[in-house]
Every structure is written in C-alpha cells, then in structure tokens.
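> Pasting in a structure now, in structure tokens, and then I'll have a few things to ask.
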Amino acid sequence: GRPPGGQVSRRFDVRQLAEATGLPLTRRELERLLAATTRDWSQVEPAIFGTLLERALDPKERHRLGAHYTPRAYVERLVRPTIEAPLRADWLVARAEARHLHAAGKVHDAARVLHQLHRTLCETRVLDPACGPGNFLYVALDLVKQLEAEVREELWRLGDPDERLEF
C-alpha cells in the first residue's frame, strides 16, 4: 500500500544522497564506537539494528526517507522464491547427479558436481533493494549458508576424496 499521507515513488531520487550528512560525534562517542567493534556480536540478532535505526529517527524524517524496518518473515517472502528457490533447485539436481555418479563408482566426478554447485553458491551476488541496515542481505546470506551446509554435508557423506571445498 501507500505510505500514510504520501505518494509511492517508483524512482530513487539521487538528490537525497547529496543532502546526507554524518552524525556529529564527540571524541568520547567515537571511542565508544571503536570499543564496540572489539566486542563479540555473534549472539546478537542483526534484525535488532533495523529496529534501533527506525526508532532513532524522528518520525517525520523517517517518513521522508522512507526508512522502515522490515521484519525477517517479510524479507523471507522475497528472498525464498527469488534467491533460495532457484539455488535449491540447482542443488537438488546436483545432489541427484552426484549420488548417481557415486553409485556408479565415480567418486571424483560426484565430488566435482558438488564442488561446481558450491562455487555457484560462493559466486552468487545479491543486491539489497532496501539499502537499509542490511537485514535483506543478512537473511539472504543466512539462507544461502544453510544451503551451503547441506552441500558440504553431502560432500562429507559421499566421502569427498579431496576432503576440502575449493574456493
């Protein structure tokens, strides 16, 4: 739907970038940010940063910028059919082919098929349509990494003769 009281824009206005300014930070604030980079953030759900960003903005400014946090479930509705589904279809074909080759005693050929699929996963590029805090990219990466884990498990299961993935 339309944003409350606004019009839907079908084009990106690059003039918004010319108006962008950095936050005025004191030396102490910069030091705190630097200290935060040394912390272990692995247990923090990245989606929280979108919520923080949205709530930190003045409501009028947020509306003007179109800054809105999109929950993971909504992002997955886009990412699953557009990114994950085509890669998963390729995965199912590659897995079936690798299993067939493995059953025929062609272990190296089976591994080669899976390595090629792994290379495809590694070379897949995703563009973030939202240009926000990166939730779209994070969800896409998470789903592709889950698929990669399945490929690696299959390599292990088939007894990958190289015992490593090629990058």
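> Using R₀ = 30 Å, calculate the FRET efficiency as 1/(1 + (r/R₀)^6) where r is the Cβ-Cβ separation of residue 77 and residue 41; round to 0.05.
In this case the efficiency is close to 0.70.
> Now for a different question. Leaving ligands, DNA and RNA out of it, report the carbon-plus-sulfur percent of the accessible area of the stretch 43-121 at a 1.4 Å probe.
59
The values are calculated or read from the model by the stated rules, or taken from the named source; none is laboratory data. Everything quoted here is computed from the prediction, not taken from an experiment. FYI the Cβ positions are ideal-geometry reconstructions off the backbone, even for glycines, and counts take in every protein chain you see. Calculation scope for accessible area: heavy atoms of the full protein, side chains included, ligands and nucleic acids excluded. Shrake-Rupley method; radii C 1.70, N 1.55, O 1.52, S 1.80 Å.
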